[in-house]
1. Return the calculated 222 nm mean residue ellipticity for the chain, to the nearest 500 deg cm²/dmol, obtained by summing -39500 (n - 2.57) across DSSP H runs with n ≥ 4 and dividing by the residue count.
2. For the chain, build the charge dipole from Cβ charges (+1 Lys, Arg; -1 Asp, Glu) around the Cα centre, then report which of ALA66, LEU100, THR44 sits farthest towards its positive end.
3. Taking the Cα centre of the range 53-139 as origin, sum charge times position over the Cβ atoms of Lys and Arg (+1) and Asp and Glu (-1), and report the length of that vector in debye to the nearest 20.
4. Taking amide H positions as placed in the peptide plane 1.01 Å from N, state which residues far from ALA88 in sequence (5 or more) or on other chains have amide H under 5 Å from it.
5. Round to a whole number: what % of the accessible area of the range 1-69 belongs to carbon and sulfur, probe 1.4 Å?
6. Could you tell me whether the range 35-96 comes out rounded, prolate or oblate from its Cα gyration tensor? Rule is a ≥ b ≥ c as square roots of the eigenvalues, rounded for a/c under 1.5, then prolate if a/b exceeds b/c, otherwise oblate.
7. Under unit Cβ charges (Lys, Arg +1; Asp, Glu -1), what dipole magnitude, rounded to 20 debye, does the chain have relative to its Cα centre?
8. Beta carbons within 10 angstrom, averaged per residue: use that to sort the peptides 97-105, 49-57, 34-42, highest first.
Amino acid sequence: MSWLPKSPKARRRLWIVLAAAPVLALAVGLSLWAMRGSVTYFFTPSEVTEQAAPAGRNVRLGGLVAAGSVRHLADGEVAFTITDNAAATRVLYQGDLPDLFREGQGIVAEGAFQPDRSFRARQVLAKHDETYMPREVADRLKAKGEWRPQDAAQGPTA
């Protein structure tokens, strides 16, 4: 075999590398396969499609709480709408909302879409001061031309 090195030491190193490469590739492949279920994707309401976020898949949905959309239902559930000023998605949440949650506020809700395309949130995260908005939400609003930094402290614009 002319492609093998002539030196016995180099030949031994080549065989070790050739034996270790498939083991390493298998370990990386198994690690990635095991982590596939723990990846959570972020969407805004206008980016959500049936193909990108099928029912039952864990995702994060970010945007602004639409004005006049917060409803406290009889069973302790809260229904509200998240919007990015281009589209809106109805969100249902069972539990206590963050103290800083209010209409016109930037939030990120983590959960899954239902078959009727409403969003069932398991966790709701709200801003922590007057100028904060989740980076992903701010980036998406800037990309769409909806971001107005001078209005950030006053609340979102309609």
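1. Details: 2 runs with 37 residues, N = 158.
Counting only the DSSP helices, I get -8000 deg cm²/dmol.
2. It is THR44.
3. Working: 10 positive and 12 negative charges, 63 e Å.
Roughly 300 debye for the range 53-139.
4. HN-HN under 5 Å from ALA88: empty list.
5. On the way: 3280 of 4910 Å².
Ligands and nucleic acids excluded, carbon and sulfur reach 67 percent.
6. On the way: a/c = 2.49, a/b = 1.39, b/c = 1.79.
Oblate, since a/c reaches 1.5 and b/c is not below a/b.
7. 1500 debye
8. Put in order of decreasing packing, that is 97-105, 49-57, 34-42.
The values are calculated or read from the model by the stated rules, or taken from the named source; none is laboratory data. Because the structure is predicted, anything quoted here is derived from the model rather than measured. Using ideal geometry, Cβ is built from the backbone for each residue, glycine included, and neighbour counts are taken over all protein chains shown. Just the protein is used for accessible areas: all its heavy atoms, side chains included, with ligands, DNA and RNA removed. Shrake-Rupley method; radii C 1.70, N 1.55, O 1.52, S 1.80 Å.
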